[in-house]
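Below: one structure, written as structure tokens.
The values are calculated or read from the model by the stated rules, or taken from the named source; none is laboratory data. Predicted, not measured: the structure shown is a model, and the values here were computed from it. Here the Cβ is made from the backbone with ideal geometry for all residues, glycine too, and neighbour counts use every protein chain on show.
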Amino acid sequence: MDFDTTTNRNGRPPRSSPPDSSNAATSQTAETDSEHFRIPAGSRKAALVHLGLAAYRAGLLDPKDLGEVRGRDVDEAGLQRALYRSSVGEIEHVLGPILKDRLVIVKGHLAGTGRTALERLGAEVEELHLEDEKRYIDMTPAIFVFAAVAMAVRYISLGLDDQDLYILAGIAFALMYGLRPFFSKMQRPRE
């Protein structure tokens, strides 16, 4: 029996395997420097996974510290799979000492829970926004205040026995209720 794997049965060398697309994709997602990590925008877990991969590339993260790896040697793609399988708490526990007093630069907008989680771990978070990116002002608090004032005026007019004010406040409240489907379109871009 011949156990030589350098050639196939027909004498040709084995085909080279195609490049691993998952490994190529992860190598472009997060960049690292000695002082900061640069990651793409995403959810809380995605941000932690990208930070884990960036720390691994910088030599700051030992994959064996992660429970999903179970002491095996893994490559970057295996580490990415293990990070996605791990709980957020476990990833935070492993990344906590690494992120302490480091700058994390996010390409885009990071969700509120992701930003809070990174700041709780001791990282300083900076978001890079596009020049032409539209930022919206949420008008919901103003709408709620207007509705509360309309309701308050309606009840005050009952106490003052003012029928005209009562009718005007009722009309304002009915208008608010009728225009309810259009309030989502009232968000205005910041200038």
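Values computed for the structure shown
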| read-out | value |
| --- | --- |
| Cβ-Cβ under 7 Å pairs, at least 6 apart or on other chains, segment 42-60 side part of a helix (DSSP H, G or I), far side aromatic (Phe, Trp, Tyr) and modelled with pLDDT of 85 or more | 49/84; 51/37; 54/37 |
| Hits in segment 98-110 - residues which are over 14 Å from residue 49 (Cβ atoms) and part of a loop (DSSP other than H, G, I, E, B) | 100, 101, 102, 108, 109 |
| So residue 166, is it more than 22 Å from the chain's Cα centre (by Cα), modelled with pLDDT of 85 or more and among the aromatic types (Phe, Trp, Tyr) | yes |
| Candidates 103, 110, 83 - the one that is modelled with pLDDT of 85 or more, surrounded by 11 or more Cβ atoms within 10 Å (Cβ to Cβ) and touching a helix residue (DSSP H, G or I) at 6+ places or on another chain (Cβ under 8 Å) | 83 |
| Members of segment 93-121 that are within 21 Å of residue 56 (Cα to Cα) and of a type in the set (A, V, I, L, M, F, W, C) | 94, 95, 98, 99, 103, 104, 105, 106, 117, 118, 121 |
| Sole exception among (1) among the aliphatic types (A, V, I, L, M); (2) free of Cβ contacts under 8 Å to residues at least 12 places away in the same chain; (3) in contact with an Asp or Glu (Cβ under 8 Å, 6 or more places away or on another chain) for residue 156, by number | (3) |
| Any pair with Cβ under 7 angstrom, 6 or more apart, that starts in segment 160-176 at a residue that is within 14 Å of residue 149 (Cβ to Cβ) and ends at one that is among the charged types (D, E, K, R) | 169/154; 170/154; 173/154 |
